[in-house]
Amino acid sequence: MIKISEILEIGSNKKYIDNLIKECKKENIIPFIGAGMSVPIYELWGDFFNRCV
């Protein structure tokens with residue numbers, strides 16, 4: 001399984017994840033959960049978001 005540190009190193013992911021965390025803490029997010037992270041190398045949505053927030 002890919003590590004979060006590896007995901008953050010791809011392109012601008014660190015900037016986007018940092019902004020997502022900031023907006024989640026301000027309760028400004030309405031999640032749209034769908035296709036994209038279902039690729040086998042990624043972890044489950046719940047595990048991913050729990051580690052990010």
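Compute the FRET efficiency between Ser5 and Ile29 as 1/(1 + (r/R0)^6), taking r as their Cβ-Cβ distance and R0 = 22 Å, and round to the nearest 0.05.
Computed FRET efficiency for Ser5 and Ile29: 0.45.
Please give the net charge around Lys15, taking every other residue with its beta carbon less than 13 angstrom from that of Lys15, where Lys and Arg add +1 and Asp and Glu add -1.
So the environment of Lys15 carries a net charge of -1.
Here, each number is a calculation from the coordinates, and none is a lab measurement. This structure is a prediction, so every number in the text was calculated from the model and none was measured. Every residue, glycine among them, receives a Cβ derived from its backbone with ideal geometry; neighbour counts consider all protein chains shown.
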